[in-house]
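Below is one structure, written out as structure tokens, with a few remarks after it.
The values are calculated or read from the model by the stated rules, or taken from the named source; none is laboratory data. Predicted, not measured: the structure shown is a model, and the values here were computed from it. FYI the Cβ positions are ideal-geometry reconstructions off the backbone, even for glycines, and counts take in every protein chain you see.
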Amino acid sequence: MNIIELVLDEMQELMGIQAISIVENPAIEEDFVALKTQKIEFATQDQEKRILMGAALVPNKPIYRKNGEEEFYVYFSKDTIRKASELFFQNGNQNKSTLEHEAELQGLSVVESWIVEDEVKDKSNVYDLNMPVGTWMVSMKVNNDDIWENYVKTNKVKGFSIEGYFVDKVNFAKQEMLSIEEEEAKLILSQINAVIKKDKRVKSGKRTELESFSDYPKAVSNNAQRGVNLNEKVNNKCATQVGKVRAQQLAQGKPISVETIKRMYSYLSRAEEYYNPSDKEACGTISFLLWGGLAAKRWSESKLKKLDLL
């Protein structure tokens, strides 16, 4: 069964956690606890805090999902959980909650939030909630009498479950790389147009130059050729035609324009997080190498600085 990492798509307006639902069966399989004060007699009534404390997200914990006939697991990294917890408050969603991901609720607010930094010293241990480092913990105030009396006290709800917008990291990487390479395709078209204009100017006596460079290190060419070889082993499924052409150009040591160097640095800076040298079949790794890899990133950065373009 596939296990998929979910990440934030920071290009989207709606992203991250939009609400926290109280549910009977939390997907992370962690129940909350209902906190009370010590009993204080006042007019024969106990004063309750009406606060629920529990884990909203646990890092690297597989969460079962089913989409039609497809069954799979998803998980969140520590970094994604931290970013998502911060966005939750930045977007003002602390008062948004639902019951079993359906009915919107009033009178429930997240009043405390923290990331577990130490498994031993974390305050959750006081309540026997022994959570791993990186867990997002929340405390929710319940000022809704119906929810407290008929759902919390009767144990109809036992934990938290998030609602939000995330993307599959693998597909997200492919989409981002495709987008970048589509931009590169537009750039190539613009350069072709520039060459045509240049030819016309040469014929008319108005000569212009399109500056290009081929002084990139041998490691750039070697990485590009390695990317080509790895791509062939997976039936050339990775990268667009533009990326494949760029690899051939680098592997053969051909000159590249300043604009291409700009795109090289921009692409490699963004795509580096998808590069995993131990996974030689991953498109993130192959596409990164096709553009010259780490050596090309260092060279393009240095070249742009020398040209006062960075």
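When residues in the range 227-272 are screened for being farther than 16 Å from residue 297 by Cα, basic (Lys, Arg) and surrounded by 15 or more Cβ atoms within 10 Å (Cβ to Cβ), 1 of them pass. Among the residues examined, residue 244 does not qualify as over 16 Å from residue 222 (Cα atoms) and of a type in the set (Lys, Arg). Only one of the numbered conditions (1) farther than 28 Å from residue 4 by Cβ; (2) acidic (Asp, Glu); (3) in contact with a strand residue (DSSP E or B) (Cβ under 7 Å, 6 or more places away or on another chain) is not met by residue 118, and that is (3).
Residue 256 satisfies every condition listed in (1) modelled with pLDDT under 90; (2) farther than 20 Å from residue 307 by Cβ; (3) β-branched (Val, Ile, Thr) except (2).
Residues in the range 5-29 that are over 19 Å from residue 105 (Cβ atoms) and surrounded by 19 or more Cβ atoms within 10 Å (Cβ to Cβ) were compared, and the one that is modelled with the lowest pLDDT is 15. With respect to the conditions (1) modelled with pLDDT under 90; (2) within 14 Å of residue 161 (Cα to Cα); (3) not small (Gly, Ala, Ser), residue 91 lacks only one, and its number is (2). Residues that are touching a residue at least 40 places away in the same chain (Cβ under 8 Å), surrounded by 18 or more Cβ atoms within 10 Å (Cβ to Cβ) and not in a strand (DSSP E or B) were ranked within the range 105-147; the one that is farthest from the chain's Cα centre (by Cα) is 147. Inside the range 259-308, residues that are among the hydrophobic types (A, V, I, L, M, F, W, C) and either farther than 19 Å from residue 218 by Cα or not in a helix (DSSP H, G or I) (or both) make up a count of 5. Exposed (fewer than 13 other Cβ atoms within 10 Å of the Cβ), modelled with pLDDT under 90, of a type outside the set (S, T, N, Q) and under 28 Å from residue 6 (Cα atoms): does that describe residue 200? In short, no. Taking residue 97, is it within 14 Å of residue 160 (Cα to Cα) and in contact with a Lys or Arg (Cβ under 9 Å, 6 or more places away or on another chain)? For residue 97, the condition - within 14 Å of residue 160 (Cα to Cα) and in contact with a Lys or Arg (Cβ under 9 Å, 6 or more places away or on another chain) - is not met. With respect to the conditions (1) modelled with pLDDT of 90 or more; (2) over 22 Å from residue 158 (Cβ atoms), residue 96 falls short on a single one, namely (2). Give the residues of the range 258-301 that are among the basic types (Lys, Arg) and in contact with a Phe, Trp or Tyr (Cβ under 7 Å, 6 or more places away or on another chain), sorted by residue number. Of everything in the range 258-301, just one residue is among the basic types (Lys, Arg) and in contact with a Phe, Trp or Tyr (Cβ under 7 Å, 6 or more places away or on another chain), namely 297. Just one of (1) within 13 Å of residue 222 (Cα to Cα); (2) part of a loop (DSSP other than H, G, I, E, B) fails for residue 239. It is (1). Listed by first and then second residue, the pairs with beta-carbon distance under 8 Å, at least 6 apart or on different chains, first residue in the range 215-239 and assigned by TED's automatic domain parsing to the domain that holds residue 257 and touching a residue at least 60 places away in the same chain (Cβ under 8 Å), second in a helix (DSSP H, G or I) and among the β-branched types (Val, Ile, Thr), are 227/286; 239/286.
When you look at residue 229, is it polar (S, T, N, Q) and part of a loop (DSSP other than H, G, I, E, B), yes or no? The answer is no for residue 229. For first residues located in the range 82-104 and in contact (Cβ under 8 Å) with a residue 24 or more places away in the chain and assigned by TED's automatic domain parsing to the domain that holds residue 27, partners that are surrounded by 18 or more Cβ atoms within 10 Å (Cβ to Cβ) and in a helix (DSSP H, G or I) and lie 6+ apart or on another chain with Cβ distances below 8 Å form the pairs 99/147; 99/151.
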